[in-house]
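The values are calculated or read from the model by the stated rules, or taken from the named source; none is laboratory data. What you see is a predicted model; the values in this text were computed from it and never measured. Here the Cβ positions follow ideal geometry from the backbone for every residue, glycine too, while neighbour counts run over all protein chains shown. All accessible areas refer to the heavy atoms of the entire protein, side chains included, with ligands and DNA or RNA removed. Shrake-Rupley method; radii C 1.70, N 1.55, O 1.52, S 1.80 Å.
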Amino acid sequence: MIVTSAVRHAAAGSAALLFVLPVPAAVASPAPTVSSVTPVSSASSFSSFSAGSPASAVGEPTPPVRRSVDPARLDRRGVQVQPLSGAPRLPSASALSWVVADASTGEVLAARDAHRKLPPASTLKALFALTALPHHDSSAQHTVADSELTGIGAGSSLVGIKEGYTYKVSDLWNGVFLSSGNDAVHVLAAMNGGWDSMARKMQEKARSLGANDTHVVSPDGYDAPGQVSSAYDLAVFGRAGLQDPAFVRYCSTRYADFPAGSWSYGIANTNRLLTGENGVDRYPGLIGIKNGYTSNAGNTLVSAAKRGDRTLVVSVMNPQEGGGYAVYEEARSLLDWGFEAAGHVRPVGSLLPEHTKAEVDARAVAAARDGQDDGTAPEKAARAGAEAGTAPAGDTGTKEAPAKDAPAENGPTREAPVREAPAEDAPAREAPAKGSPARDGSTGDTPGGNAPAQAALGKDASPAAAPSGASAGLPLGLIGAACAAAFALWGWRRRAGAAGSSQE
């Protein structure tokens, strides 16, 4: 009788423990929530999961949110800037037109009459280099013909090329960037189809980059009727050049030896902000890019400088005060302001052409869709932006020069690849969780539980939140303890019963 009662107590205790114990075991090892395994940086362009929100609320990733930029703002006259709290005061500049932009993102931080069409002078040589530079190896040699030096404008700047002499292509480009030699431009243009053909190619290149204000008549920038550009377009050319290591190498060279048959002579870059000559202090971190002057254009300059991990592009056209070197000082003050204003201004425009903006957004959406499955959306988004060619060569130093005759990096033929979703993740995306809305608004049942949650957790996530580790052995241990307690109770009651019978 006593044994039977004890057994009943043990069985009841074990049953109660088996009924109660699975609840704390599951709670002790909860499944990770979507928000805990998929942190989304505020800097990314993707909609983040709200903390504690049910996984069934996860749907199609929201397209990247672009900063609010009025596309027509840069078309307005006057200074355009959107300061935030803590923004430094914009310096006064007398130039007819100027732009300050971030070279990595293409965001225009501030501008004055950005699209005003003005003569560019030799800053147009930046577009010439973007067009012609990829087509000849720097070590190739060329013997100059007399016909290649005809038609050079009176009063042009020259590096001193002579007919019948043989030059390396790299020497010719040093003549373009350092001495601003129109003779070097004429020879390189002849090597690339001729003067008129080069003008057409430069025009096509400008349009492919989204530079719609530029009209090319004379590839060397020499004054010609109808030849114009803008501070916006010059900044576009400068930013595009920073993506080519060869371009960066030439435009940042301060001094070089130029061959003259059996001997050579030294040439210096005419960009005083780079060399620090003629009373103009060198600008720290300056990369280049190109200065210019004609009597019609006045002084023009497109410059780039790097400070820390930030690279800026500044273009300045025709200062109205301060003399011939004012263009350098105004560029200096705008660069200083741009670095100090980082994070304290809203962009007022972008240097990216419209088709590139669309490609970047499409890649980011594709990356968001893929990243939703494995929790790597922010990383894939950043990679998609980098593949769009937004990082200047001066920042990374790893991008190789374009191959000979390769299409230009930002040309119209480049297409944005769309990354396919991983095959192993596809079922998780296609099967919505039971009772949760599917992407098309319908609902579906799946034995695997919450499919969107599994997609957000990654391919290795289990369908159920099964206890693991120490919590997995908890029920068995407690059952054993319960049985031991039951047998101890039985022994105690048996002794108590025996004692009671002897007293009676």
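Exactly one residue out of 114, 31 is assigned to a loop (DSSP other than H, G, I, E, B) and at pLDDT 95 or above, and it is 114.
The residues of the stretch 189-214 that are under 32 Å from the mean Cα position of the chain (by Cα) and open to solvent by 60 Å² or more (accessible area, probe 1.4 Å), listed by number, are 200, 201, 204, 207, 212. No other residue among 133, 178 is within 24 Å of residue 200 (Cα to Cα) and not small (Gly, Ala, Ser) apart from 133. Residues that are among the polar types (S, T, N, Q) and under 28 Å from the mean Cα position of the chain (by Cα) within the stretch 114-171 comprise 123, 131, listed in sequence order. Kindly check whether there is at least one residue in the stretch 253-269 that is charged (D, E, K, R) and in contact with a Leu (Cβ under 7 Å, 6 or more places away or on another chain). Yes, there is a match, as at least one residue in the stretch 253-269 is charged (D, E, K, R) and in contact with a Leu (Cβ under 7 Å, 6 or more places away or on another chain). A Cβ distance below 6 Å, combined with a sequence gap of six or more or placement on separate chains, defines the contacts here; from the stretch 268-291, residues that are basic (Lys, Arg) reach residues that are outside any strand (DSSP E or B) and open to solvent by less than 20 Å² (accessible area, probe 1.4 Å) in the pairs 272/280; 272/328; 290/123; 290/125; 290/126.
Here is the figure for the stretch 118-151: residues that are part of a loop (DSSP other than H, G, I, E, B), buried (at least 18 other Cβ atoms within 10 Å of the Cβ) and at pLDDT 95 or above total 3. Checked against (1) among the basic types (Lys, Arg); (2) surrounded by fewer than 22 Cβ atoms within 10 Å (Cβ to Cβ); (3) assigned to a helix (DSSP H, G or I), residue 162 passes all but a single condition, namely (3). Identify all residues within the stretch 261-310 that are more than 18 Å from residue 98 (Cβ to Cβ), in a strand (DSSP E or B) and either out of contact with any helix residue (DSSP H, G or I) (no Cβ under 9 Å at 6 or more places or on another chain) or among the small types (Gly, Ala, Ser) (or both); write none if there are none. If the condition is that a residue be more than 18 Å from residue 98 (Cβ to Cβ), in a strand (DSSP E or B) and either out of contact with any helix residue (DSSP H, G or I) (no Cβ under 9 Å at 6 or more places or on another chain) or among the small types (Gly, Ala, Ser) (or both), then 263, 264, 265, 266, 268 are the ones that fit.
Of the helices (runs of 4 or more DSSP H) contained entirely in the stretch 311-392, those carrying at least 1 residues that are modelled with pLDDT under 55 and open to solvent by 10 Å² or more (accessible area, probe 1.4 Å) fall at 354-374, 377-387.
Scanning the stretch 237-249 for residues that are open to solvent by 10 Å² or more (accessible area, probe 1.4 Å), in a helix (DSSP H, G or I) and of a type outside the set (Lys, Arg) returns 240, 245, 246, 248. When the stretch 215-236 is limited to residues that are among the charged types (D, E, K, R) and within 28 Å of residue 150 (Cα to Cα), the one that is surrounded by the fewest Cβ atoms within 10 Å (Cβ to Cβ) turns out to be 223.
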